[in-house]
Structures are given as C-alpha cells and as structure tokens.
Amino acid sequence: MKILVITGSPHKHGTSAVLAENFINGAEEAGHEVCRFDSAFMNIHSCIACEKCHNTNTGCAFKDDMEKINPELISADMVVFITPIYYYGMTSQIRAVIDRFYANDALLHGNKKTALMVTMADDVKKTAAGAVASFEGMADFLGWEIVGTIIGVDCGDIPSLEKTDYREKSYNFGKNI
Ligand SMILES: Cc1cc2nc3c(=O)[nH]c(=O)nc-3n(C[C@H](O)[C@H](O)[C@H](O)COP(=O)(O)O)c2cc1C
C-alpha cells in the first residue's frame, strides 16, 4: 500500500514525531511504501475561499508546497494525520493542509483508508474530541475508511511519552495495517 503521512507539529523531535517515526518503521517493515510531509516545515498558505480552484481549471491560487503534497495525496491508498492537540483541536499547520484539500475534492473522494494519531498533555481522551470529530467528518465527506485512531494522553513531552506504550502502539499499528 502507498501511505502518505502528514504531520502537524513544529517540534522536529517532539512527541507526535515519535509516533510518526514508529508508525512509519512498522509500516515499512510490513512492506508498505511511505511518504511523509511535515506541514510545519513547509510553505503552505491558508485557503482564502477565493473559489478559483472550483471556478476555473487552473487549480489553487497559491502555487506553494501543496504542489509537492497533492500528487502524493491523490495517489495514496492511505492518508495518516499525526499531530499534537493545540487548544482542543489539530494544529493550524496541519489544518492548513486539510483545508487545501478543497482544491482537489473531486479527485480525493473515495477509495482510501485513513487514520488519526495525536499527542497531548492532558490525561483524558475527551480533550481530543474536537480533532476526532473534525477527522471523522472529513473522512465521511471524502468517503475514506477510518482504519485506526491513536489518542495519546499524558504525552506533554518526551519523558511523559516514554512512560506510556504509545511508541509501541504506533509501531504495531503500522506493522499490522
Ligand atoms: C499552543 C499549544 C496549545 C496546546 N493545547 C493543548 C490542549 O488543548 N490540550 C492538551 O492536552 N495539550 C495541549 N498542548 C500540549 C501539546 O499537545 C503537547 O505538549 C504535545 O506533546 C506536543 O506535541 P509535539 O511535541 O509533537 O509538538 C498545547 C501546546 C501548545 C504549544
């Protein structure tokens, strides 16, 4: 399977990066092809709802790093979103990528698997409810099959993460897709 991983953290070596690395290791060991984009280190403009993408055949008004993501996104069999929770939602960096899916709605509908993996400081999964609802709504709208969700509570920093089993859970998730 061709798997696209999109991360949302500005921490190169943060808690969600640990989940991403372990998931990718497991998936690659299982024989999947993985492509990763770190949205926080890319130049991706917010959608401005100009509708140029839907009203013309010339695509998005912004010719930025979404042009690197789009071909991988369109051809992926599975799209995995890995982000910390910021104020009860996904980070603005990964949200910007998702909003820009708008330009390719028609090409993205159907026939993909998807998963969400998050980390956060809080110790209750309810804190991720907004991110999960947004993810589930998007998957439903695009007709993607949700194959996994990892909600990493008590993961405010690396020492806290190391006291949990999310490293192993992420690896096993990748290995067993
Ligand atoms: C702007 C900001 C908002 C945050 N909001 C929340 C929150 O609502 N709930 C929570 O449990 N943790 C929150 N956190 C903590 C992060 O989710 C947590 O530190 C996470 O491990 C960071 O992941 P990273 O190391 O991959 O960047 C917030 C952190 C920042 C910087």
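For the reader, a short list of remarks on this structure follows.
- Under 24 Å from residue 63, Cα to Cα: lysines that are on another chain or at least 8 residues apart: 52
- Relative contact order %, the chain, counting alpha carbon pairs below 8 Å whose residues are six or more apart: 31 percent
- Partner lysines whose Cα lies under 20 Å from the Cα of residue 112, excluding those fewer than 8 positions away in the same chain, are identified as 2, 68, 175.
- Rounded tilt (10° steps) of 66-75 against the dominant C-alpha axis of the chain: 80 degrees
- Helical mean residue ellipticity (222 nm; -39500 (n - 2.57) per DSSP H run of 4+; nearest 500) of the chain: -11000 deg cm²/dmol
- Burial ranking of peptide ranges 131-138, 22-29 (average Cβ count within 10 Å, highest at the top): 22-29, 131-138
- Estimated inter-spin distance, residue 111 and residue 145, nm [label 7 Å along Cα→Cβ]: 1.4 nm
- Peptides ranked, highest mean first, by Cβ atoms within 10 Å: ranges 60-69, 159-168: 60-69, 159-168
- Straight-distance crosslink candidates among aspartates and glutamates, where the alpha carbon sits under 20 Å from residue 113 and sequence neighbours closer than 8 are dropped: 21, 28, 29, 33, 38, 72, 77, 99, 105, 136, 140, 145
Each reported figure results from applying straightforward, stated rules to the coordinates on display, with no laboratory input. Values in this document were obtained by computation on a predicted structure and should not be read as measured data. Counting neighbours? That spans all protein chains shown, and the Cβs are built from the backbone with ideal geometry, glycine included.
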